[in-house]
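Reviewing the structure listed below.
The values are calculated or read from the model by the stated rules, or taken from the named source; none is laboratory data. Quantities reported herein were computed from a predicted structural model and do not represent experimental measurements. For neighbour counting, all protein chains shown are included, and Cβ atoms are generated from backbone atoms with ideal geometry for every residue, glycine included.
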Amino acid sequence: MQEHDTRLTQLDHRATHLPESAELAEVEARLRRSRDEVVAAETIASDLEDEQKRADRDVEQVRERRARDQELLDSGSIGDPKQLQSIQAELENLVRRQTDLEDVELEIMERVEGARAAVAQLTVERDEHAAQQESLAATVQAKLSEIAEERRGVEAERQEIAAGVAPELLALYDKIRGEHGGVGAAPLHRGACQGCRLTLPPTELEELRAAPADEVVRCEECRRILVRTPESGL
């Protein structure tokens with residue numbers, strides 16, 4: 001029974017310490033960061049696109065006003081020299097204004113392209129992390145299912161063994177196991193308790209030799225139940 005309980009403990013430890021689980025946690029952390037980075041990059045790109053639209057509108061407004069003034073100037077309908085001079089001066093200002101706005105527009109366009117490229121790159125990284133997360137999650141689940149299946153088999157075997165053990169002895173074993181790190185019984189091997197790894201004194205070994213085979217004997221040092229075998233050295 002102790003072998004089965006030890007195996008159950010090992011299976012529980014394995015289930016909670018899978019290397020793939022630790023790797024999965026790291027990948028999930030990277031995935032969360034990647035998602036946040038994509039959202040931040042998309043927000044920057046969206047803001048720049050809005051800024052580009054405003055710049056486009058500003059340039060278009062100047063172009064339209066410049067076209068109207070040029071059309072008015074070309075029509076020859078203006079006879080007043082002062083008004084004509086004023087329109088020509090405004091046209092010159094509009095040319096400079098358009099040039100300045102187009103420079104701003106071009107700069108924003110370049111920034112938009114950079115932001116879109118960043119979004120594309122971060123999206124690729126996010127998708128790669130998502131694929132890794134999905135693959136690792138499937139691996140972890142498969143291994144946990146395998147462990148659970150083995151655990152059910154070990155538990156079933158333990159129950160069969162427990163059914164043949166006297167209730168008092170089973171209660172004592174469970175009590176000791178709870179007090180000693182999951183080990184309630186240990187084999188006596190060549191005169192040494194395998195629970196505390198200490199060699200029993202000669203007098204205690206003599207008492208064990210004289211004890212009936214069905215008597216429950218315990219280690220005087222760690223108080224675990226001693227399991228006597230042909231390798232006990234008695």
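Data overview
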{"item": "Tally of residues being touching a residue at least 12 places away in the same chain (Cβ under 8 Å) and either in contact with a Pro (Cβ under 7 Å, 6 or more places away or on another chain) or more than 14 Å from Glu220 (Cα to Cα) (or both) across the range 188-198", "result": "2"}
{"item": "Given (1) under 33 Å from the mean Cα position of the chain (by Cα); (2) touching a residue at least 40 places away in the same chain (Cβ under 8 Å), index of the condition Asp58 fails", "result": "(1)"}
{"item": "Cβ-Cβ under 8 Å pairs, at least 6 apart or on other chains, the range 126-141 side over 13 Å from Leu31 (Cα atoms), far side part of a helix (DSSP H, G or I) and small (Gly, Ala, Ser)", "result": "Val140/Ser21"}
{"item": "All positions within the range 61-75 that are of a type in the set (D, E, K, R) and either surrounded by 13 or more Cβ atoms within 10 Å (Cβ to Cβ) or touching a residue at least 60 places away in the same chain (Cβ under 8 Å) (or both)", "result": "Arg63, Arg65, Arg66, Asp69"}
{"item": "Selection status of Arg152, at positive phi and either surrounded by fewer than 16 Cβ atoms within 10 Å (Cβ to Cβ) or in contact with a Ser or Thr (Cβ under 9 Å, 6 or more places away or on another chain) (or both)", "result": "no"}
{"item": "Top-ranked residue in the range 189-214 [being among the charged types (D, E, K, R) and exposed (fewer than 14 other Cβ atoms within 10 Å of the Cβ); ranked as modelled with the lowest pLDDT]", "result": "Asp214"}
{"item": "Any hit, the range 131-139, residues being more than 26 Å from Gln61 (Cβ to Cβ), in contact with an Asp or Glu (Cβ under 9 Å, 6 or more places away or on another chain), in the same structural domain as Leu18 (by TED's automatic domain parsing) and of a type in the set (Ser, Thr, Tyr)", "result": "yes"}
